[in-house]
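Just below is one structure, and these are the notes that go with it.
The values are calculated or read from the model by the stated rules, or taken from the named source; none is laboratory data. Just so we're clear, the structure is a prediction, and the values are computed from it rather than from any experiment. All Cβ positions, even for glycine, are placed from backbone atoms using ideal geometry, and neighbour counts span all protein chains on display.
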Amino acid sequence: MDQGRNRGPLSLAVPGKVLVDPRCSTVSTTFLSSAPQSRRTALRCLAGGLAAFVVTLGVPGHSASAQEMVDPGPGRWQTGWNEVVVSLGAQRLWAYEGEELVLATWVSTGTAETPEVATPVGQFRVLVKLPMETMAGTVNGESYEVPDVPYVMYFTNEGHALHGTYWHNSFGTPMSHGCVNLPMDVAEWMYRWAPEGTAVTVIP
């Protein structure tokens, strides 16, 4: 089963906090006492920081930019403790706890080739959560069935949902019949994080 592009740690944003490798915090104090050791420590810290920077920016299929690194998203639109905001234009999702951004990720929304495969714009709430469901329907006169769709969170009565996606890895590109396709690890996290009633806002 394809686990999606965003494997590994989620893109969790923690504003105002900077994690420092303890080995790096001693570079300035050890530099005078042990030059060879401090150079190794400094290079190791620099290499580790550079590797983390490259891993963070190296999202396949997307060019890296500083905006992605510090993108706070569009902010809150509705009241309530938790809110999920999805941008059709950016193909991004942001999750907020209060005013704090706790997650940002690429998604795939509806292709909008016809109105029936468009993700609706508006303010919604998570209506029903299902751990797994077979999704079936008819689009443009053609039937489809996708078995065992995980972490389903319906936000409209017409069948639009946030859910895990194992059948493609093209997040950042519209791909769905109107749902919001999430990488598997993100979907699992969101399913645990967002109770029924959580605000969902879809913007153009």
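Side notes on the structure shown:
- Boolean, G141 is more than 18 Å from R192 (Cβ to Cβ) and in contact (Cβ under 8 Å) with a residue 12 or more places away in the chain: no
- Subset of the stretch 109-138 that is of a type in the set (V, I, T) and under 19 Å from R192 (Cα atoms) - its residue that is surrounded by the fewest Cβ atoms within 10 Å (Cβ to Cβ): V128
- Verdict on P131 being farther than 22 Å from D71 by Cα and touching a residue at least 60 places away in the same chain (Cβ under 8 Å): yes
- Scanning the stretch 105-155 for residues that are within 23 Å of G73 (Cα to Cα) and not small (G, A, S) yields a total of 15.
- Test: M153 is surrounded by 22 or more Cβ atoms within 10 Å (Cβ to Cβ), touching a residue at least 40 places away in the same chain (Cβ under 8 Å) and not small (G, A, S): yes
- Residue match in the stretch 120-129 (condition: farther than 23 Å from S87 by Cβ and at pLDDT 95 or above): yes
- Strands (runs of 3 or more DSSP E) within the stretch 99-204 that include 2 or more residues touching a Ser or Thr at 6+ places or on another chain (Cβ under 8 Å): 100-106, 122-125, 128-139, 142-154, 180-182, 199-203
One line per residue, one yes/no per condition, for (1) aromatic (F, W, Y); (2) within 18 Å of P115 (Cβ to Cβ):
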residue: G137; (1), (2): no, yes
residue: V149; (1), (2): no, no
residue: W167; (1), (2): yes, no
residue: H177; (1), (2): no, yes
residue: A194; (1), (2): no, no
residue: V200; (1), (2): no, no
